[in-house]
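The values are calculated or read from the model by the stated rules, or taken from the named source; none is laboratory data. This structure is a prediction, so every number in the text was calculated from the model and none was measured. Here Cβ is always computed from backbone atoms with ideal geometry, including for glycine, and neighbour counts include all displayed protein chains.
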């Protein structure tokens with residue numbers, strides 16, 4: 001195993017498996033959770049771009065939302081001839097979206113099977129304290145841990161593996177990230193307090209990859225994650241990705257894999273980027289309501305053409321489709337969209353509205 005990997009793992013392993021019934025080691029527990037009688041529900045997580053079944057409004061009391069994430073280290077072909085060892089939550093890049101409401105508790109069981117080669121953990125940007133939970137969730141191969149945290153801030157947030165040092169970006173750019181959506185208990189609202197409802201929702205995780213190449217330009221392939229580490233770090237230092245994928249693989253959400261909608265439907269899109277900025281744009285549409293930094297306490301922007309997703313954050317927007325056809329949702333760094341893979345499709349069915357757009361004369365030879 002690579003020396004750097006051994007040293008990093010050695011620094012982390014004292015944390016692995018520590019028994020924690022309270023807070024962080026070395027600190028007195030000053031406030032205990034009072035959860036007697038709180039309802040428990042198990043959320044069925046689904047692979048992106050699908051979103052778990054959920055209520056947009058929850059006027060009842062806060063609940064404990066139980067979720068289970070199983071780590072899987074596996075080789076994937078992210079583009080023809082381009083292989084990478086993906087570090088995944090529940091087998092997908094990005095990991096599944098978790099949905100709860102403000103005031104709920106997220107109770108996570110994080111499982112690292114014996115088949116894994118590396119220790120892992122999870123940092124929730126939506127959580128408070130202990131490195132977002134990263135300090136209390138380190139699990140070696142063959143271990144599992146349970147962490148509960150309270151959703152105090154509504155919005156969409158990134159989660160990712162954060163084992164420490166250079167291992168943090170290495171795990172993140174190998175796919176180990178996802179998102180959490182914490183809805184206000186009374187649902188989404190515009191700047192005037194009017195309710196915003198959506199008919200369906202999609203979660204798009206944007207993933208940047210840094211694949212080493214041979215002298216002839218072919219991408220290298222490795223028998224294990226550790227064998228790629230030094231080469232990966234060399235490419236990562238250049239800060240220029242070889243691939244930028246919407247949905248984990250190049251073309252994962254295009255063509256026959258396009259997301260679906262219908263004219264008249266209002267769709268919520270959640271977009272996360274755990275490592276670098278992104279510049280989304282919906283060709284032929286707009287963000288009717290946009291939470292650019294993903295925080296639902298902020299009034300949404302209106303009618304945006306393109307926007308930014310900050311590195312290590314998630315955003316959300318709502319759009320009501322008015323015309324049928326194939327829409328492209330992409331990064332408006334058009335080099336990344338057309339050459340590196342930062343593009344997805346939405347196939348919308350329904351009737352065309354000539355009042356919004358009409359071709360008056362088809363293309364013909366100039367007279």
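Just wondering, is there one or more residues in the range 188-198 that are buried (at least 24 other Cβ atoms within 10 Å of the Cβ) and within 21 Å of the chain's Cα centre (by Cα)? So far as the range 188-198 goes, no, none of its residues is buried (at least 24 other Cβ atoms within 10 Å of the Cβ) and within 21 Å of the chain's Cα centre (by Cα). Scanning the range 40-61 for residues that are closer than 15 Å to residue 101 by Cα, in contact with a strand residue (DSSP E or B) (Cβ under 7 Å, 6 or more places away or on another chain) and part of a loop (DSSP other than H, G, I, E, B) returns 43, 51, 52, 54, 56, 58.
If only one of 103, 142, 129 is surrounded by fewer than 19 Cβ atoms within 10 Å (Cβ to Cβ), over 28 Å from residue 212 (Cβ atoms) and touching a helix residue (DSSP H, G or I) at 6+ places or on another chain (Cβ under 9 Å), which one is it?
129
Looking at the structure I just gave you, is residue 303 more than 20 Å from residue 200 (Cβ to Cβ), surrounded by fewer than 15 Cβ atoms within 10 Å (Cβ to Cβ) and modelled with pLDDT of 95 or more? Considered against the rule, which asks whether it is more than 20 Å from residue 200 (Cβ to Cβ), surrounded by fewer than 15 Cβ atoms within 10 Å (Cβ to Cβ) and modelled with pLDDT of 95 or more, residue 303 comes out as yes. Reported count of residues in the range 250-287, each being out of contact with any helix residue (DSSP H, G or I) (no Cβ under 7 Å at 6 or more places or on another chain) and either farther than 26 Å from residue 324 by Cα or part of a strand (DSSP E or B) (or both), is 20. Being under 21 Å from residue 172 (Cα atoms), in contact with a helix residue (DSSP H, G or I) (Cβ under 9 Å, 6 or more places away or on another chain), surrounded by 16 or more Cβ atoms within 10 Å (Cβ to Cβ) and outside the structural domain of residue 158 (by TED's automatic domain parsing) is a description that applies to residue 331. The residue list 165, 132 contains one member that is on the phi > 0 side of the Ramachandran plot and in a loop (DSSP other than H, G, I, E, B), which is 165.
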